[in-house]
Amino acid sequence: MASSEIVSCHALNKAYQGLDVAVLDYIDLTVSQAEQVAIVGASGSGKSTLLHLLGGLDAPTSGEVRVLGENLTHLSEAQKGALRNHALGFVYQFHHLLPEFTALENVALPLLIRRTSREQALHEAAHVLEKVGLRHRLEHMPGELSGGERQRAALARAMVTNPQCILADEPTGNLDRHTAHAVFDLLLEMNASQQVSLIVVTHDLELAAKMQRQYRLVDGQLSQL
Ligand SMILES: Nc1ncnc2c1ncn2[C@@H]1O[C@H](COP(=O)(O)OP(=O)(O)OP(=O)(O)O)[C@@H](O)[C@H]1O
Ligand SMILES: [Mg+2]
């Protein structure tokens, strides 16, 4: 493995029971350190499935996924969880912030899961929230934030562990055009400043064009745009 390889898959195949064609049909993809990869495709083409497999949230029917050189098929659920917490950050279309916790606590959570002290976790969370422009919103509950602010908090939560790669599934799908570009640009800034790799699913070709590499997922295959 090249030392800069962060996430890769080989001959990745995913078939769901009841569907007669494979959603992912022998896909190869390698993402190196600090690379930016956009994935576009029609609804139902398998974009979320691909991200879930790359992040070890689901298992392929066949083929392999490697994260930091580790073949996920050879890892237990606990080992996969630890590797995910250490190497990856996830951003979803609908933020998935916990409604009963403040922005600060939500962002601190991945650190608390890895047993960072509460004081240190809150300190680091505040620092990342500041970076995404939410210094004045630390104590707000998710329900008290705007859509764009929620997505920025979700980005902060994904970044707080200093992951090597962010997997983002329509992170701006729910935002108006101006806010979508602002949140997307924040991802690109993090990529530039922290050398974090980005794998971003978006239906927005204009946003995808901001990334170094763009692929379209059609009939289970990735084709470079
Ligand atoms: N758990 C599941 N069981 C059965 N079929 C599934 C499951 N999850 C997804 N599928 C099917 O796999 C296909 C790909 O789904 P996926 O969610 O990956 O698409 P997508 O490209 O992310 O779509 P969207 O743009 O609407 O989010 C769809 O046809 C979907 O119905
Ligand atoms: Mg999807």
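Under 5 Å between amide hydrogens, which residues at least 5 positions from Q214 or on another chain qualify, with H placed 1.01 Å from N in the peptide plane?
Amide H neighbours of Q214: A38, L225.
For region 178-185, what does the Karplus curve 6.51 cos²θ - 1.76 cosθ + 1.60, with θ = phi - 60°, yield as ³J(HN,Hα) per residue in whole Hz, taken in order and with x for Gly and Pro?
4, 5, 4, 5, 5, 5, 5, 5
Given a cut-off of under 8 Å on Cα pairs at least six residues apart, what relative contact order in percent is computed for region 1-134?
20
Quick one: helix 77-87 against the long Cα principal axis of the chain, what's the angle to the nearest 10°, folded into 0 to 90?
60
Can you bin region 123-225 into rounded, prolate or oblate? Criterion: square roots of the alpha carbon gyration tensor eigenvalues sorted a ≥ b ≥ c, rounded for a/c under 1.5, prolate for a/b above b/c, oblate for the rest.
Note, shape of region 123-225 comes out prolate.
Put one equal scatterer on each alpha carbon of region 5-224, apply the Debye formula with no solvent term, and list log10 I(q)/I(0) at q = 0.15, 0.16 1/Å to two decimals.
Each listed q maps to, in turn, -0.96, -1.08.
Give me, ordered by chain and number, the residues 5 or more places off A34 or on other chains with an amide H under 5 Å from its own placed amide H.
Here S197 satisfy the definition.
With a cap of 12 neighbouring Cβ atoms within 10 Å, and only residues DSSP puts in a loop, list the GluC sites (Glu not before Pro) found in region 92-122.
Those satisfying the criteria are E100.
Kindly write out, for region 106-123 in residue order, the coupling ³J(HN,Hα) from the Karplus curve 6.51 cos²θ - 1.76 cosθ + 1.60 (θ = phi - 60°), rounded to whole Hz, with x marking Gly and Pro.
4, 6, 6, 3, x, 6, 5, 4, 8, 6, 5, 4, 4, 4, 5, 4, 5, 5
Starting at the first residue of region 42-52, write each ³J(HN,Hα) from the Karplus equation 6.51 cos²θ - 1.76 cosθ + 1.60 with θ = phi - 60°, in whole Hz, x for Gly and Pro.
Couplings: 5, 4, x, 7, x, 5, 5, 4, 4, 4, 4 Hz.
Setting aside same-chain residues fewer than 8 positions from K47, which lysines have a Cα under 17 Å from its Cα?
The reachable lysines, counting only those whose Cα sits under 17 Å from K47, are K14.
Starting from the amide H of Q164, placed 1.01 Å from N in the peptide plane, find each other amide H under 5 Å away whose residue is 5 or more places distant or on another chain.
HN-HN under 5 Å from Q164: L88.
No value in this document is a laboratory result; all are computed from the given coordinates. These numbers come from a predicted model, not from an experiment. No Cβ is skipped: glycine too gets one built from the backbone with ideal geometry, and neighbour counts run over all protein chains shown.
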